[in-house]
Amino acid sequence: MNIKSFFVKTSKNVPNNDGQYHELVEYANSIILRMDMEGNITFLNRFAQEFFGYKEEELIGKNVIGTIVPPTDASGKDLKAMIADIMINSEKYINNENENILRNGKRVWIAWTNRPILDENGQLKEVLCIGNDITKLKEAEDQIMIAKEAAENASKAKSSFLANMSHELRTPLNAVIGFSEAMLEGIAGPMTDKQKEYASYILESGRHLLSLINDVLDLSKVEAGKMELELSDFNLQELVKKSFTFIAEKAMKHRIALCHDIKDDIGIINADERKIKQVIYNILSNAVKFTPDGGKIGANASKINDNEIQVCIWDTGIGIDKKDSAKVFAEFEQIDSEYSRKYAGTGLGMPLSKKFIELHGGKMWFESDGMGKGAHFYFTIPIKQTGKKGVFDE
Ligand SMILES: Nc1ncnc2c1ncn2[C@@H]1O[C@H](COP(=O)(O)OP(=O)(O)OP(=O)(O)O)[C@@H](O)[C@H]1O
Ligand SMILES: [Mg+2]
């Protein structure tokens with residue numbers, strides 16, 4: 001396409017005579033053609049000739065079907081019928097995307113703008129078609145659809161694998177936990193101290209594995225959009241206070257002071273109590289895990305507006321470096337620093353907690369002034385659930 005000649009010949013930006021309009025059409029970077037009521041081509045610009053690979057005289061008077069439009073597209077759609085319909089219901093086709101064909105047989109996708117041209121009596125005479133090649137866009141769309149389908153299938157396979165495996169994993173674990181508990185209670189007869197010690201290791205490991213399996217399952221359920229909220233009214237202030245008892249023993253052992261300041265006015269909220277309890281427990285168990293002996297852990301909560309409560313659980317522990325921030329809420333990630341290397345865990349507590357909070361329509365984040373400076377974990381939660389139940393929309 002000789003773009004240069006277009007600029008050379010055209011002295012003004014606005015065309016002021018037929019010649020200049022003609023130039024614009026000829027050198028436009030789009031396909032411009034006209035067809036009559038039978039679908040015969042009456043005009044096509046240079047771009048169209050080059051694009052489809054024909055000389056002007058090879059197409060003028062020829063029908064679009066069999067030349068630049070295949071009778072059916074790759075999906076089997078009848079394009080012959082479509083061309084006939086364009087003449088009858090042209091308003092339906094003002095913007096139309098369809099498959100076309102080049103002289104070398106290559107199929108392409110074109111986005112067409114079709115305008116009816118009327119004669120002096122107002123009767124449809126021809127259709128003016130302006131087209132742009134969108135093949136690459138279509139191919140990219142197809143690739144995305146294929147990738148999406150593959151991802152959805154993989155996700156379904158993962159979900160069903162996990163659902164089956166969870167049953168298979170939990171059944172033997174019930175026996176491990178149940179029988180080690182029974183042994184420790186002396187149901188199978190008295191045990192020596194060594195036997196008791198070993199049985200308690202079995203029990204502890206069994207419980208740990210069970211909570212791990214539950215976390216992995218919960219996470220995949222949320223990701224599959226299948227996690228339902230079991231809503232009830234409960235006292236958030238009580239729940240935070242009660243949650244501190246879970247870490248009280250460990251805190252005492254490590255001389256960690258516990259304090260909470262929960263405003264009375266936050267009272268009753270409507271949410272999934274089990275999940276909120278798990279979130280608070282996950283944050284508190286991290287706080288006690290990452291706070292060295294002699295530190296402090298606290299919580300405060302208050303209403304931030306008519307329908308939202310903000311809870312903050314803070315510690316004076318090892319803190320979080322800015323460069324590691326992204327790892328905190330990433331699945332199976334733990335910060336590997338000189339401080340944190342010695343701590344056990346899987347890296348599921350925080351990502352799962354964040355998802356539980358988001359399921360409620362709340363937000364979760366943390367702040368830390370850096371290594372050795374402690375951390376503040378926050379979440380907000382609506383007092384009442386007004387949105388759809390169990391829908392995870394991010
Ligand atoms: N209070 C905190 N102080 C410092 N670092 C923290 C704190 N809470 C979380 N982190 C960092 O974020 C990481 C992710 O936390 P998360 O609770 O998801 O995993 P985890 O506690 O290591 O394992 P899990 O909770 O699955 O047993 C932790 O490994 C730790 O590096
Ligand atoms: Mg944790």
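The values are calculated or read from the model by the stated rules, or taken from the named source; none is laboratory data. Computed from a predicted structure; not experimentally measured. Positions of Cβ are backbone-derived with ideal geometry, glycine not excepted, and every protein chain shown enters the neighbour counts.
For region 334-346, the set of residues classified as surrounded by fewer than 16 Cβ atoms within 10 Å (Cβ to Cβ) and within 12 Å of ligand 2 (Cβ to nearest atom) consists of TYR343, ALA344, GLY345, THR346, listed by residue number. Checking each residue in region 76-109 for being in a helix (DSSP H, G or I) and either in contact with a Phe, Trp or Tyr (Cβ under 9 Å, 6 or more places away or on another chain) or among the aliphatic types (A, V, I, L, M) (or both) picks out LEU79, ALA81, MET82, ILE83, ALA84, ASP85, ILE86, MET87, ILE88, TYR93.
Residues are listed down the side, and each one gets a yes or a no for (1) at pLDDT below 95; (2) within 35 Å of the chain's Cα centre (by Cα); (3) not charged (D, E, K, R):
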position	(1), (2), (3)
ALA188	yes, no, yes
ALA199	no, no, yes
HIS208	yes, yes, yes
LEU212	yes, yes, yes
ASP215	yes, yes, no
LEU219	yes, yes, yes
ALA224	yes, yes, yes
GLU238	yes, yes, no
ILE262	yes, yes, yes
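The numbered conditions (1) β-branched (Val, Ile, Thr); (2) in contact (Cβ under 8 Å) with a residue 60 or more places away in the chain; (3) more than 16 Å from ligand 2 (Cβ to nearest atom) are all true for ILE357 except (3).
Among the residues in region 225-244, are any within 16 Å of ligand 1 (Cβ to nearest atom) and either surrounded by fewer than 16 Cβ atoms within 10 Å (Cβ to Cβ) or basic (Lys, Arg) (or both)? No.
Taking first residues from region 22-41 that are over 18 Å from ILE110 (Cα atoms) and partners that are in a loop (DSSP other than H, G, I, E, B) and not polar (S, T, N, Q), the Cβ contacts under 8 Å between residues at least 6 apart in sequence or on separate chains come to GLU23/PRO15; LEU24/PRO15; TYR27/MET1; ASN40/GLY61; ASN40/LYS62; ASN40/VAL64. Among the residues of region 296-324, those identified as within 10 Å of ligand 1 (Cβ to nearest atom) and more than 20 Å from ILE280 (Cα to Cα) are ASP321, ASP324. If you take the residues of region 273-295 that are farther than 15 Å from ILE262 by Cβ and basic (Lys, Arg), which of them is nearest to ligand 1 (Cβ to nearest atom)? Among residues in region 273-295 that are farther than 15 Å from ILE262 by Cβ and basic (Lys, Arg), the one nearest to ligand 1 (Cβ to nearest atom) is LYS289. Residue count for region 42-75 satisfying the condition of being under 15 Å from LEU102 (Cβ atoms), without any contact (Cβ under 8 Å) to a residue 40 or more places away in the chain and in a loop (DSSP other than H, G, I, E, B): 9. Of the set (1) over 30 Å from GLY347 (Cβ atoms); (2) surrounded by 14 or more Cβ atoms within 10 Å (Cβ to Cβ); (3) among the polar types (S, T, N, Q), all apply to SER166 but (1).
Being within 16 Å of ligand 2 (Cβ to nearest atom) and outside the structural domain of LEU162 (by TED's automatic domain parsing) narrows it down to one of THR291, THR245, THR316, so name that one. None of the other options fit; the residue is THR291. Here is the figure for region 114-132: residues that are free of Cβ contacts under 8 Å to residues at least 40 places away in the same chain, surrounded by 13 or more Cβ atoms within 10 Å (Cβ to Cβ) and either β-branched (Val, Ile, Thr) or over 15 Å from ILE32 (Cβ atoms) (or both) total 1.
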